[in-house]
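**Q** Have a look at the structure that comes next, please.
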Amino acid sequence: QVQLVESGGGLVQPGGSLRLSCVASVSIFSFIRMGWYRQAPGKQRELVASINSAGRTNYTDSVKGRFTISRDNSKTTVYLQMSDLKPEDTAVYYCNRVSVNYVWGQGTQVTVSS
């Protein structure tokens, strides 16, 4: 049974930073492309950043230059470093395998507000 456990969210002021972590109990973790998704109230879940097995990264335009995704295969963990946060980044953040999603975890709430 695959488990995805996200952590690191919280309340932060505009311009602040947060680092999200996701531990994935996936035996093939080092071989798969992982992503961070987010879902804001009343909106569809969107993929904001991904990283493949070779470490190649992709970002949606709205977070380019502000978010950095990374992974530690030895810990089956994927990270999302977020800086210069904006109110529109407020959402529940989830990690998952890209394209072939596992059962979603509980996510971690990120709220950007003054």
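The values are calculated or read from the model by the stated rules, or taken from the named source; none is laboratory data. Just so you know, these numbers come straight off a predicted model, no measurement behind them. Backbone-built Cβ (ideal geometry, glycine too); neighbour counts: all protein chains shown. SASA here: full protein model, heavy atoms, side chains in, ligands and nucleic acids out. Shrake-Rupley method; radii C 1.70, N 1.55, O 1.52, S 1.80 Å.
**Q** Somewhere in region 19-26, is a residue open to solvent by 10 Å² or more (accessible area, probe 1.4 Å) and within 15 Å of LYS86 (Cα to Cα)?
**A** Yes, there is a match, as at least one residue in region 19-26 is open to solvent by 10 Å² or more (accessible area, probe 1.4 Å) and within 15 Å of LYS86 (Cα to Cα).
**Q** I'd like to verify a number: residues in region 27-44 that are out of contact with any Gly (no Cβ under 8 Å at 6 or more places or on another chain) and open to solvent by less than 80 Å² (accessible area, probe 1.4 Å), how many?
**A** Residues meeting the conditions: 10.
**Q** Among the residues of region 84-99, which ones are touching a residue at least 60 places away in the same chain (Cβ under 8 Å) and either open to solvent by 40 Å² or more (accessible area, probe 1.4 Å) or among the basic types (Lys, Arg) (or both)?
**A** Result: ASP84, LYS86, PRO87, ARG97, SER99.
**Q** Across region 11-60, which residue is farthest from GLY107 (Cα to Cα) among those that are within 14 Å of the chain's Cα centre (by Cα) and among the β-branched types (Val, Ile, Thr)?
**A** Selected residue: THR57.
**Q** Can you work out which of the residues in region 84-114 that are in a strand (DSSP E or B) and in contact with a Lys or Arg (Cβ under 9 Å, 6 or more places away or on another chain) is nearest to GLY15 (Cα to Cα)?
**A** VAL112
**Q** Please give the number of the condition ALA54 fails out of (1) in contact with a strand residue (DSSP E or B) (Cβ under 9 Å, 6 or more places away or on another chain); (2) closer than 27 Å to SER74 by Cα; (3) among the aliphatic types (A, V, I, L, M).
**A** The one condition ALA54 does not meet is (1).
**Q** Which residue pairs have Cβ atoms closer than 8 Å, lie 6 or more positions apart in sequence or on different chains, and pair a first residue in region 52-81 that is closer than 16 Å to TYR93 by Cα with a second residue that is among the basic types (Lys, Arg) and at pLDDT 95 or above?
**A** THR77/ARG71; VAL78/ARG71; TYR79/ARG19; TYR79/ARG71; LEU80/ARG19; GLN81/ARG19
**Q** Do you know which residues across region 45-69 are part of a strand (DSSP E or B), open to solvent by 60 Å² or more (accessible area, probe 1.4 Å) and not polar (S, T, N, Q)?
**A** Listed by number, the residues that qualify are GLU46, LEU47.
**Q** Going by the conditions given, is GLN109 surrounded by 15 or more Cβ atoms within 10 Å (Cβ to Cβ) and in contact with a strand residue (DSSP E or B) (Cβ under 9 Å, 6 or more places away or on another chain)?
**A** no
**Q** Would you be able to say whether some residue in region 31-42 is in contact with a helix residue (DSSP H, G or I) (Cβ under 9 Å, 6 or more places away or on another chain), assigned to a loop (DSSP other than H, G, I, E, B) and of a type outside the set (Val, Ile, Thr)?
**A** yes
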